[in-house]
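Rule-based calculations on the coordinates, nothing more; no lab input. Predicted model only: the values in this text are computed from it and were never measured. Here the Cβ positions follow ideal geometry from the backbone for every residue, glycine too, while neighbour counts run over all protein chains shown.
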Amino acid sequence: MVKKSSGANSSGPPQPPPPPPPPRVAAARSSASSTKPAAVGLGSRPGSAADAPETDETRAQQQQQQQRLLNIFHDAFREVLSRDDFAAVLQEVKGALYRRDFETAFGTEQFLEVYAARYSPPRALCYSKILTQISGHLASVLDAAVAAAAAAAATNTCEDAEYEYEIERGRVSPTVDLEENEGEMSAGAAALRMLAIGGGAAEIVAFAAHLRDAGPGVAGDLTLLDVGPWREVVRKLHVGLTTPPVLSKYASAAAKATNAALVEPAERLKSAFVQRDVLELDRAGLSELLGRTTTPLLVTMLFTLNELYTSGGVGKTTALLRNLTAAVPAGSLLLVVDSPGSYSEAAVGKEAKRYPMQWLLDHTLLRVADDKLLPSDGCTWEKLESHDSVWFRHPQGLRYSIELEDMRYQMHLYRACPRSAD
């Protein structure tokens, strides 16, 4: 669903504030914070790709990859962007958002596609950059997934050996061809899991881009949760991410020979969209979405948490964070990205005193060690990174049907740790 536009163009006259976004609610970080806008990488675990110095060649490769993501959006919504009434429908969507009439803004598939074609591409580029910059932390999540897959494979190997032993002695009859799935992604392959609360078009594209960079041996399992009916939009993008782009009949032989999908084979990317109000989920419902497993995952709230606070209320949002703390597997990461400064404040109490979203978030997450209401096997949180204001600027030369806007955002990253026995 719509999330706040978090920046403006880097040149040109000042622009009026963007219309407010819909409450992505209803669908469904301890390091020091920087106080000046940052325009460079956020940093990550030493030795990660994000620590490597940027060269002209590196920047050229990054821009080429960013252009590819834009092309995927363009191909998925080609018909939408070329409609004669696109500008008129976009104005209707903007107007509904400005009035905070979210039922209208996201009440039809036409409006949803126009929003995704207009606002999601720059978000996807920004989210992809953030995932790259925290890749050192994500490596620990993936390491745990690899270990779990290896353990599962060892168990299956023992079971298969016992099964074949029984067959040899005629005690059981074979019911499946043990080699029929040879060459395909194994069901027990390492998979990086991600739950995107308030997630949609931008999240699936950014996740697929990170999956591509992680290497061919890594699969991805993405669950997108939002109140809006984004299923068809997500489906179109999933197809575009896992299918080679259609080339012109005049394309060169070299272009045809190297033409490939962003993610190959297609089985590497698994995505599911769940249309639910996250604030209405209890602990059991949230556990179900998290997968009921001890393998850690990445949970994201990208331009979502502030809307949960302001539209759903501090009480319900705090309950959500507590349920997440109780249900999330140890080692999991929580990534929160939102508008910076006064754009992310929530009113609390009868006097409607305003508090920064980051303060409310830390107040809830970093004090759970003293929360006697949480189960003893729940987690506590440690803040890994925190940045008050970061600029994401698009490089010159990117091509898209609509002008791309630069973004400014705050970012906070937490890791779930096992609770002390005390």
message: On a full-extension model of 0.36 nm per residue, what is the gain between residue 260 and residue 398, subtracting their alpha-carbon distance, rounded to one decimal in nm?
response: 47.6 nm
query: Using bins 5 angstrom wide from zero, how does P(r) for the stretch 264-422 break down, in % of all Cα pairs?
result: 2, 8, 15, 18, 18, 16, 11, 7, 4, 1, 1, 0
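Using a Förster radius of 30 Å, what is the FRET efficiency between residue 60 and residue 342 based on their Cβ-Cβ separation? Nearest 0.05, please. Display every interim value, and only then the final one.
Working: r = 38 Å, r/R0 = 1.25.
After rounding, the FRET efficiency stands at 0.20.
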query: Cα gyration tensor of the stretch 249-302, axes a ≥ b ≥ c as square roots of the eigenvalues: rounded (a/c below 1.5), prolate (a/b > b/c) or oblate?
result: prolate
Amide H partners (placed H, <5 Å) of residue 417, local residues excluded: 331, 380, 381, 382
field: Linear extension gain, residue 87 paired with residue 363, 0.36 nm per residue minus alpha-carbon span
entry: 95.1 nm
query: Per-residue HN-Hα couplings for the stretch 148-155, Karplus 6.51 cos²θ - 1.76 cosθ + 1.60 at θ = phi - 60°, whole Hz, x for Gly and Pro?
result: 5, 5, 5, 5, 5, 5, 5, 5
Neighbour cut-off at most 10 other Cβ (10 Å), DSSP loop, trypsin sites (Lys or Arg not before Pro), the stretch 282-316: 292
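Among 317, 132, what is the fewest-to-most ranking by other Cβ atoms within 10 Å?
Working: 317 25, 132 21.
Fewest to most other Cβ atoms nearby, the residues stand as 132, 317.
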query: When the Karplus curve 6.51 cos²θ - 1.76 cosθ + 1.60 is applied with θ = phi - 60°, which whole-Hz ³J(HN,Hα) does each residue of the stretch 332-349 get, with x for Gly and Pro?
result: 5, 10, 10, 10, 10, 10, 7, 5, x, x, 5, 5, 10, 10, 10, 8, 10, x
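Can you bin the stretch 180-325 into rounded, prolate or oblate? Criterion: square roots of the alpha carbon gyration tensor eigenvalues sorted a ≥ b ≥ c, rounded for a/c under 1.5, prolate for a/b above b/c, oblate for the rest.
On the way: a/c = 2.95, a/b = 1.80, b/c = 1.64.
Judged from the Cα gyration tensor, the stretch 180-325 comes out prolate (a/c at least 1.5, a/b above b/c).
Determine the shape class of the stretch 63-138: with a ≥ b ≥ c the square roots of the Cα gyration tensor eigenvalues, call it rounded for a/c under 1.5, and otherwise prolate if a/b is greater than b/c, oblate otherwise. Walk me through the numbers before you get to the answer.
Numbers: a/c = 3.24, a/b = 1.65, b/c = 1.97.
Oblate, because a/c is 1.5 or more while a/b does not exceed b/c.
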query: Using modelled backbone amide H atoms (1.01 Å from N, in-plane), which distant-in-sequence or interchain residues come within less than 5 Å of residue 269's amide H?
result: 220
field: Distance (nanometres) between label positions extended 7 Å along Cα→Cβ at residue 235 and residue 417
entry: 4.5 nm
- line: Expected vector for the stretch 226-235, Karplus 3J(HN,Hα) from phi with 6.51, -1.76, 1.60 and θ = phi - 60°, integer Hz, x for Gly and Pro, equals 7, 6, x, x, 8, 4, 5, 4, 5, 4
message: Taking amide H atoms as placed 1.01 Å from N in the peptide plane, list the residues 5 or more away in sequence, or in a different chain, whose amide H sits under 5 Å from that of residue 274.
response: 224, 225, 226
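As a quick test, which of the pairs 129/383; 94/249; 129/236; 129/350 have an alpha carbon distance above 29 angstrom in this structure? Walk me through the numbers before you get to the answer.
Values: 129/383 20 Å; 94/249 38 Å; 129/236 22 Å; 129/350 40 Å.
From the list (129/383; 94/249; 129/236; 129/350), the Cα-Cα distance tops 29 Å for 94/249; 129/350.
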query: Which ordering of 204, 134 is given by a fewest-first count of other beta-carbon atoms within 10 Å?
result: 134, 204
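So between residue 270 and residue 284, what do we pick up on full extension, going 0.36 nm a residue minus the alpha carbon distance? Let's see the in-between values first.
Numbers: separation 14, 0.36 × 14 = 5.04 nm, distance 2.29 nm.
Stretched out fully, the residue 270 to residue 284 stretch lengthens by 2.7 nm.
Within 10 Å of each residue's Cβ, count the other Cβ atoms and sort 417, 379 from fewest upward.
Exposure proxy ranking, most exposed first: 417, 379.
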Zone of residue 110's modelled label, taken as backbone nitrogen in the stretch 59-84 under 13 Å from a point 7 Å along Cα→Cβ: 80, 83-84
